[in-house]
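S.K.: Submitted below is the structure of interest, expressed as structure tokens.
The values are calculated or read from the model by the stated rules, or taken from the named source; none is laboratory data. Predicted, not measured: the structure shown is a model, and the values here were computed from it. Every residue, glycine as well, gets a Cβ built from its backbone with ideal geometry; the counts of neighbours run over all protein chains shown. Protein only, heavy atoms only, side chains kept; ligands, DNA and RNA dropped before computing areas. Shrake-Rupley method; radii C 1.70, N 1.55, O 1.52, S 1.80 Å.
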Amino acid sequence: MEDQASTPPVNGQRAVIKPYANEQRLFVIMAVISGLSWLALTLVTFGIIWIIMLVLYLIGLFGFSYFISYVRGNGVRVTAEQFPDLHARFENCCQIVGLNKRPEFYLMTGNGALNAFATRFLRRYYVVLLSDIVDALQEDTEALNFYIGHELGHIAQKHLVHHWWLVFASWIPLLGTAYSRAREYSCDQYGLACTSNKQSAVHALAVLAAGSSRWKSLNTQAYIAQAKDTDGFWMAVNELTADYPWLCKRVARVENGDAAVFPRRNIFAWLISATIPNTGFGLIGAMVVYIYLLLILVPISISAYSSYQTKALNAKTHIELSQAYTQGMVAAKLVGNFYEETQYMPEAVEGLGFKIPANSLIKSVQINPESAELSLALNAPHQDKEIILSPSAGDDGTISWACSITGKVDAAALPDDCTLAFDESEAGMTAPEPTTTLGKLLKFLK
């Protein structure tokens, strides 16, 4: 921890800080897309979406309250009496950034993590500086201002206010991550403005790159030169799908400002990245999402395709069986006419002048002398089925026919006037007694 004597005076004046050029343009695009999305969702759901959002907000509020309570209960609040050196730096940075309403400032252990963060709960802002970064920068305490200024930049730029309603646009490949990276570049400018010299700002980022000790011997120019390797396919893909720029690029912008030049990214990296939604976890997060979707969509697709095949097969079977039924009814009417005239059943339909049409599904037509039913044996591919035409005599002596089909066939594939026949082998019982008048008569005569 730095000495009280080396604490910068709290006399910082508000600086003119120029955010990263692309941030405002990207924000406008994000705002238009998200605004239209929220409007469409409101109209489609008749406003119910806002009730859902209220419920989600309350759930998130209770959940996030634990984290804020953890920070306030376990972290150390930095004040003029508690770590006055850090408090003086924080006050100075707030004046430079132009924040009249001060966020609450906390110091807490990071268990080895070298960073800081800003967050918001209800209408109150918090800035948390991890003690590990404070310890790492004991030889350049001015570099701490960069971390403080960077987090205050997120507050000044209202990043913590806008993020929730920009959610729809933030998922869009390339756009969401580009805006996130632009925000980081902008906040680096806030950190630079709060630091009295550029070298300390570079040291602040060097700690993130080389660690708590090795940053002291980092060759800044050699590290910046690494940016020339970021044009390759894999480097480009993983940056285009990430929320943070490569650290070597951030150091280059802090060191050289707008004069920093980076190589063009691989064109194929742009094409691939355009298919990867922003999940907040880069390429790995997107791959997890895609794998998850595959695990869900592949079974659904297989099921849908199987259902389609079944429907197509049923439709084909329905047409074929309907044609066979129609042809069989021609024979049945000849039999019925013969019975009405003679009062007895013929032995075969061929003697009545019936001929099976060419290319017909019907293989043969047999008359059951016991039940007077017509059995239509079928050709392939329905050789396992049989159409049964059962007669019944009306009060006026006319014969009508009921159709049933044996074998395995879906109900959807049955002809409109046919039903599934009783399967004695599957039911494990004897066939039901005939219910038609003609069937009962023939059974009695038997």
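S.K.: Under a 1.4 angstrom probe, counting protein chains only, how are 310, 317 ranked by accessible area, largest first? All intermediate terms of the calculation are to be shown ahead of the outcome.
M.R.: Values: 310 60, 317 10 Å².
Of 310, 317, the descending order of accessible area is 310, 317.
S.K.: Now for a separate question. Please give the FRET efficiency for residue 39 paired with residue 109, using the beta carbon to beta carbon distance and R0 = 45 Å, rounded to the nearest 0.05. Don't jump to the answer; show the numbers that get you there.
M.R.: Details: r = 45 Å, r/R0 = 1.00.
So the FRET efficiency works out to roughly 0.50.
S.K.: As a test of the formula, what do you get for the chain when each DSSP H run with n ≥ 4 contributes -39,500 (n - 2.57) and the sum is divided by the residue count, at 222 nm and rounded to the nearest 500 deg cm²/dmol? If you can, show how the numbers build up before the last one.
M.R.: On the way: 16 runs with 230 residues, N = 446.
Only helices count here, giving -16500 deg cm²/dmol.
S.K.: Additional query: Could you sort 103-112, 59-68, 134-143 so that the peptide with the highest average Cβ count within 10 Å comes first and the rest follow in order?
M.R.: On the way: 103-112: 16.6, 59-68: 11.5, 134-143: 18.8.
Those peptides, ordered most packed to least, come out 134-143, 103-112, 59-68.
S.K.: Could you pull the accessible area for residue 55 with a 1.4 Å probe, rounded to 10 Å²?
M.R.: Near enough 80 Å² of accessible area.
S.K.: Another question about this same structure. Roughly how compact is the chain, stated as its Cα Rg over 2.2 N^0.38 Å to two decimals?
M.R.: 1.82
S.K.: Next question, about the same structure. Just how much of residue 316 is accessible, in Å², when a 1.4 Å probe is used and the result is rounded to the nearest 10?
M.R.: Rounded to the nearest 10, that gives 110 Å².
S.K.: OK, next. Determine which aspartates and glutamates satisfy two conditions relative to residue 228: a Cα distance under 17 Å, and not lying fewer than 8 residues away in the same chain.
M.R.: 239, 255, 258
S.K.: If the reach is capped at under 17 angstrom between alpha carbons, list the aspartates and glutamates near residue 333, excluding any in the same chain fewer than eight residues apart.
M.R.: By straight Cα distance, residue 333 reaches 341, 347, 350, 373, 396, 417.
S.K.: Related question: Would you mind working out the accessible area per residue for segment 219-283, using a 1.4 Å probe, and quoting it in Å²? Display every interim value, and only then the final one.
M.R.: Values: 3460 Å² over 65 residues.
Per residue, segment 219-283 has 53 Å² of solvent-accessible surface.
S.K.: Per 0.36 nm of contour for each residue apart, how much would the distance between residue 67 and residue 225 grow if the chain were fully extended, relative to their Cα-Cα spacing? Provide the component values of the computation, followed by the final result.
M.R.: Details: separation 158, 0.36 × 158 = 56.88 nm, distance 3.94 nm.
Fully extending the segment from residue 67 to residue 225 adds 52.9 nm.
S.K.: Please give the FRET efficiency for residue 417 paired with residue 296, using the beta carbon to beta carbon distance and R0 = 51 Å, rounded to the nearest 0.05.
M.R.: Calculated value: 0.75.
S.K.: Based on DSSP H assignment, which helices of the chain show an axial Cα extent of at least 30 Å together with a mean Kyte-Doolittle hydropathy greater than or equal to -1.0?
M.R.: 21-44, 48-74, 282-342
S.K.: Still on this model: Do you know the relative contact order of segment 116-262, to the nearest whole percent, from alpha carbon pairs under 8 angstrom that are 6+ apart? Mind showing how you got there, number by number?
M.R.: Details: 173 pairs, mean separation 36.7, N = 147.
Over segment 116-262, the number comes to 25 percent.
S.K.: Take every DSSP beta bridge with both residues inside segment 104-220 and express the antiparallel ones as a percent of the total, to the nearest 5.
M.R.: Working: 6 of 11 bridges.
Here the antiparallel bridges make up roughly 55 percent for segment 104-220.
S.K.: Continuing with this model, one more query. Full extension from residue 16 to residue 370: what is 0.36 nm times the residue separation minus their Cα-Cα distance, to one decimal in nm? Walk me through the numbers on the way to the answer.
M.R.: Values: separation 354, 0.36 × 354 = 127.44 nm, distance 10.58 nm.
Net length gain for the segment: 116.9 nm.
S.K.: Ignoring ligands, DNA and RNA, please state the percent of accessible area on the chain from carbon and sulfur, probe 1.4 Å.
M.R.: Working: 14860 of 24810 Å².
C and S atoms contribute 60 percent here.
S.K.: What spacing in nm lies between the two simple spin-label points modelled at residue 337 and residue 158, each 7 Å away from Cα in the Cβ direction?
M.R.: 8.9
S.K.: Take 344, 290, 147 and sort them by solvent-accessible surface of the protein heavy atoms, 1.4 Å probe, largest at the top. Let's see the in-between values first.
M.R.: Details: 344 130, 290 80, 147 10 Å².
Per-residue accessible area, sorted high to low, gives 344, 290, 147.
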